[in-house]
Structures are given as C-alpha cells and as structure tokens.
1. Consider just the alpha-carbon atoms of the range 169-317 and return their Rg together with their Dmax, both in angstrom.
2. Ignoring solvent entirely, what values of log10 I(q)/I(0) come out of the Debye formula for the range 248-398 at 0.18 Å⁻¹ when each Cα is a single scatterer?
3. Hey, any idea what % of the range 1-57's accessible area is carbon plus sulfur with a 1.4 Å probe?
4. Just how many % of Cα pairs in the range 407-449 lie over 12 Å apart, if you round to the nearest whole percent?
5. Tilt of helix 168-184 relative to the longest C-alpha principal axis of the chain, in degrees (0 to 90, nearest 10)?
6. How would Cys25, Cys58 rank on accessible area, largest to smallest, probe 1.4 Å?
7. Keeping all protein chains in place and using 1.4 angstrom, which order do Tyr384, Tyr136 fall into by accessible surface area, from largest down?
8. Report the semi-axes of the equivalent ellipsoid for the range 224-286 in whole Å, largest first, where each axis is √(5λ) for an eigenvalue λ of the Cα gyration tensor.
Amino acid sequence: MKFIVAVFDGLRPDQLNERITPNLCSLASMGMLLANHTASFPSETRVSSAALATGSHCSGHGIIANRFFANGVAIDGASLPALLTLGSEASGVLTSVALGEVLAAHRRTMLTIGSQSQGSWGLSGWGSWQAGAPAYWVHNHGEFGSNPVIHRIASNLPPLPKGESPAIKTIKRVVDAFLSYVETEPLPDLNLLWFSEPDISFHLFGLGHPSANEVLSIVDREFGRILEWWYAARRRERIQVIAGSDHGHAIIGKTVSVLDHLRRAGFKVANDSDPDADVIMESQRAVNFWVRDSDLCLVRDIYQCLSAEPWFGAAFSRTLEGGVARLAQTLPHAAVMAEHSRSPDLTFVLGECSLTNTDSESAAVYYDGNYPVGVGMHGGLTNYELSAFGVLAGDWFQKGVSNTPTGIVDLAPTILTGLGLPIPKTVQGRVIEEAIIDNGDKRSHQIEDASVSVDEPLRKVTIRRERYRGHLYLKGSDIVWHSPKMPTGGSPENNLTI
C-alpha cells in the first residue's frame, strides 16, 4: 500500500462545489469525506505543516506560530535556515518525531514536492530531505535536498516567476514534477504534495471573489491530472489518496495595531530581538508576548492594558502544575494544546467584529498585520479558521461521510498504520479507524462536550472543544461581554457565536 497526500493551503471545505472544484468533489464522492475535520491551533501554515508531519499539536512539535521567539532570537518560520538555528538538522527544530524520520528509519521512501514557503516545505517533509530522499521545493531545487532524480527533473523545467501571485505556474510545477518523477521512478511509499493555492488568492482577493474562484478552479484542474494518473495506477500498487487543507479562512473586518496601542500606554515593546525592550511581540490573528524574565507583574499589566478593548478575544498564559493558568482571568495554553517550552508568556486571539459591531458579517475578524480589510485571514479560533477540508480515498477506506471529529494530527498515525509502520510515542493524534474498511472496531463511541470557560470581569470566554476516543478537537470560541461594560459598538443581545 502507498499514499499520496495532497494539501491545498487554506482551502475551507465550504468553498468546494461541482462547478469550481469538480475533481475534488469527485474524489469526495469516491471516498470518505471528513465532515467534522479541524486544524490545529494556531491555525497557521507553519504550525499546520509540523502538525501534519508529526501528528502532534504545537505542544508536541514546538512550532508554536508562523513567527515566534526562541533561544533569544525571533524565528521566522517561513525561513528554513532560521528554523535550523533551533538545533541540528536531526533534532532541535521539531520536538516530535516526523513521518519522514519514521520512513527513513525503516528504509521506506518519501517524496516531498511543495510550493509553499521553504520553512513550511522543510517542516512538512522533515527527516526525508535531510536523508537524501526525493524532495523538491519548487522555488529553488538546489537550495535544499540532494536527490539526483529531483535535480535531473528540475533542471529540465524553466525557472518560475519570482513572487508569482496568484501562484498559477507554481501550482502547475508541483503536478509536472510529480508526474515527471513517477514516469521514470518507482512510486515512493508516501508522496506529499503541497499546493500554496488557494491560500495566496484568498489573502489577495478574499473568499468567493471571482479571481479567487478562477484560481481555485485552476488548482482543481491541475489536481485532476494527478487523479487521472491515479485512476490508471491505483489498483496496481494499492495507492490511497488523502486530500485536505491545513486550515480555513475568516475575513478581515477591521485592522488594529497592538504594538502602537501598547507603546502609547508606555510599554517598551519590540517585534524583534531588542535589548532595550521589556516585551517581544509577534502578531497576526493570534498575538504573542514574551516578557523579560517572564515577569508576572508585567504580564498582568499588559493584559489589563488590552483586555477592555473591543478587539481583545480569548487570552492564554503559561500552564502551571494542575493545569491552571499562570495569569488569573486567562485560560492555560494547554486548553488549546499549545503549552510548550517555547510558548509565550501571554497569548490573545484578536476577536470577532460581529461581537461588537452589528453591521459586520459573521466571518469578519480583527487583524494586526499587512493584509487589507476584506481579504481572507487565519490563525485564530473561529470555526471559519479551524475548519479544514479532508477526504480519504482508495480501497483501504470506506465510502461516505464521517461526522466524527477528526483533525490534521490524525493523518500521520493513519498513514503510518496503512504503511505497517510503528506510531511514535510523540504522536498526539489518532488513527481514523472509522474510515478504514474492516478495521475490526465495531464499538460505538460518543462525542463528548469538552468545552472550557473562564469568566473575566468584562466577559465570559469559552473555548468549544469536543472529545472523541480520548482526543480533543477545537471547534471555535464564544465571547459574551458582560453588560453594561460592553465595548462601544455592540450589545449583549447581538453577540454572535461563530
């Protein structure tokens, strides 16, 4: 048995339809559609790349955000060299065992082809490209990896346009490279193909925009070339196809600058290594703070400075023994499977515009970054950002629709089981047994409500979670502001749960 895993960056499941994505819809009808499938938190690409590779949340793999602070320096996860400063190529970057490492240890083969950032590419194929396995970062085949077959294939292809946006030729390159490889070489045991679209177009145009739909249609058509090859080859080698996404998207409704807000209040804040700063901050949808000497008084002061703002959402602090939050009135990072030695002293997720502004659409959120109002964004805790697409197809999988909770962390243990390989102890996900034909487990399992809440002076924050077969899945967040302290622009009656 062999696997092809195709990841469509940022694809929200409700963006699929027969007109725009006929090939993905066809695959869903042939296999098991995961209708209750979710991302890990924060719902960012580098975090998701590591989650897919390791079958663990950031509490396990240690890539706690797209950008974070570790070992005294700011790490941009888009840069593979920056990630490698966390440790050697064999350890230190990921603190959970990756799929590529398991395959390499058992002398099994893995092919990785991706058009995402080099950091995301390196994380998703961790342990394979270092060992000389066929691995192709399509933006520069010679920068990472040393496989001669990949060098031969890449050298026969024309250079890609730099900074292509939308990434149409880049997406085509992923498919061309895969089909060129299998034309002359045996199909590897695991084949990971990562498409940077439709994420780029959602950030550029917004969800549902005609231009974004056109790009999504092109992505689907390119994927159809892989399916056409699969239809002819799948029976010969029992090839299973897993298609999915790493996260969904919300819509930027309003932009804020948390850095400016804190500086106006007198805090010494930087977003890079600065010896004069008391606080290092990284922000997009989730805002993280690393405080000098982890000073609890300073953490508390930052929280109090921000928490009354209408854009302030769910807040988290370090997890103490007993599972309680270090800072009162916040939830522990462990509540969203995000407690790690690299975790910040304080995290908060920018809130939903609809909670404080009745004119906002339900998917609209606050955002701190460079993208404009109206386009797609992710990283937070709304169900729009956490929802992910997932389909399992092939003769190992049942057909139909599964409404049981599943997540991106469940794919690695499922793949390893199909390959007959051991599941590392660091894996936090589960095998999706309900999707496997004749798995032998006929027991009925209940979906439990495992939501957690904290009642702050200004509002009540609830993280909606489900527990299934002993595993937790994030489903969204609710914030109810206490009247009459509701921030200007909304009322308790108009609170909207997403």
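The values are calculated or read from the model by the stated rules, or taken from the named source; none is laboratory data. Since the structure is predicted, the reported quantities are computational estimates derived from the model, not experimental observations. Glycine gets a Cβ as well: all are built from the backbone with ideal geometry, and neighbour counts include every protein chain shown. Please note that ligands, DNA and RNA were not included when accessible areas were found on the heavy atoms of the full protein model with its side chains. Shrake-Rupley method; radii C 1.70, N 1.55, O 1.52, S 1.80 Å.
1. Computed over the Cα atoms of the range 169-317, radius of gyration and Dmax are 23.2, 67 Å.
2. Calculated log10 I(q)/I(0) at the listed q: -1.08.
3. Answer for the range 1-57: carbon and sulfur cover 49 percent of the accessible area.
4. In whole percent, the long-distance tail amounts to 64.
5. 40
6. Sorted by accessible area, descending: Cys25, Cys58.
7. Solvent-accessible surface, decreasing: Tyr384, Tyr136.
8. Result for the range 224-286: semi-axes of 50, 16, 7 Å.
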